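Bear in mind that the values in this text are calculations on the coordinates, not laboratory data. What you are looking at is a predicted structure, and each value in this text was computed from that prediction instead of being measured. No Cβ is skipped: glycine too gets one built from the backbone with ideal geometry, and neighbour counts run over all protein chains shown.
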Amino acid sequence: MKHLMNPLDLSVEELNRLLDLANDIEANPSRYSHSCEGKKLATLFYEPSTRTRLSFEAAMLNLGGSVLGFSSADSSSAAKGESVSDTIRIISCYADICAMRHPKEGAPLVASMKSSIPVINAGDGGHQHPTQTLTDLLTIRSLKGRLGDFTIGLCGDLKFGRTVHSLIQALVRYPNIHFVLISPEELRLPDNIRDEVLIKNNQDFREVVRLEDALPDLDLLYMTRVQKERFFNEEDYIRMKDFYILDKEKMKLAKEDMLVLHPLPRVNEISTEVDDDPRAVYFKQAQYGVYVRMALILTLLEVEVC
Ligand code: NCD
């Protein structure tokens, strides 16, 4: 049985098949509307979420399946002290597949070891967020027409932003990608990712502080919010939170066909005046998140659609 903890759990070939399936779902949704009849997805969310949890639920409902779960640790037996390992053993009796978000890095991995159903990591602390990466890859491939041969700027909280960590890991497997890491000194990409992922793979990258310096070169700009919940003190957060604000003026520096992505939720880092710019694709990205999670559920449950 397969789990998804990390984007590298899927080979490039498996990933391509999954993205093809997601595109087919987008083109022919009715073909898939009964594929998971009688199956249940459990969403175990120990940390806040809107998009990830609801897009998983929408994905399963679109496939004709059902959903159950909880949306905060307080409303589960975690509040009584139950371990993740015990919870997953129980959930394995109730559902066919589960998506888990947890503030502790590695909690979904621990769960997967005791689980008799596929476990999907829906975000673990500041570590990984593989289904957001699938969403990002589908968005890039569908709207740019390729995975590879581009310069991508990753901007904001590169230290705590798990979506960035997972996306970098996934992208280094494609050819001719140049990374521009745009962050304040305090929120630079962690050393282990710089060394173990970028440098080890001989990946071309540069680090800059000013967004304006990077913008003219970019084919893709991936904006992120400063991860308030992972800061140790409020003062540091307040100092960092409005470090980057992408607005209409700055968009003038960008290429005509540069795409702006954001995993959302947005706070102040993209001004709402940018939303109408055709290059702003973050709301489309959220829609792709449903197709790709449908494809993932079908793949992990090994459902054949004829
Ligand atoms: C991201 C996350 O949870 O890491 N949100 C999401 O799933 N789309 C990004 C974030 O919270 O900033």
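Along the axis of the charge dipole computed for the chain (Cβ charges of +1 for Lys and Arg, -1 for Asp and Glu, origin at the Cα centre), the listed residues Gly38, Met223, Gly69 are led at the positive end by Gly38. Counting only DSSP H runs of at least 4 residues, each contributing -39500 (n - 2.57), and dividing by the residue count of the chain, the helix-based mean residue ellipticity at 222 nm comes to -10500 deg cm²/dmol. Simple spin-label estimate for Asn233 and Asp20 gives 5.5 nm between the two label positions (7 Å along the Cα-to-Cβ direction from each Cα). Spin-label model, Asp247/Glu105: points 7 Å from Cα along the beta carbon direction are separated by 3.6 nm. Which whole-angstrom value gives the distance between the alpha carbon centres of segment 214-238 and segment 281-306? With segment 214-238 and segment 281-306 each reduced to a Cα centre, they are spaced 27 Å. If the chain linking Arg173 and Glu256 were pulled fully straight, counting 0.36 nm for each residue of separation and taking away their Cα-Cα distance, it would gain 27.2 nm.
The stretch between Asn268 and Glu207 holds 19.7 nm of extra length on full extension. This uses 0.36 nm per residue minus the Cα-Cα distance.
Centre-to-centre, using Cα atoms only, segment 116-132 and segment 7-40 are separated by 17 Å. Taking a point 7 Å out from the Cα of Ala27 in the direction of its Cβ, the residues of segment 107-151 whose backbone N falls within less than 18 Å of it are 138-147. Across segment 90-114, the residues whose backbone nitrogen lies under 19 Å from the label position 7 Å along the beta-carbon direction of Lys80 are 90-95. If a spin label sat at a point 7 angstrom from the Cα of Ala73 along the line to its beta carbon, the backbone N atoms of segment 106-139 nearer than 12 Å would be those of 107, 125.
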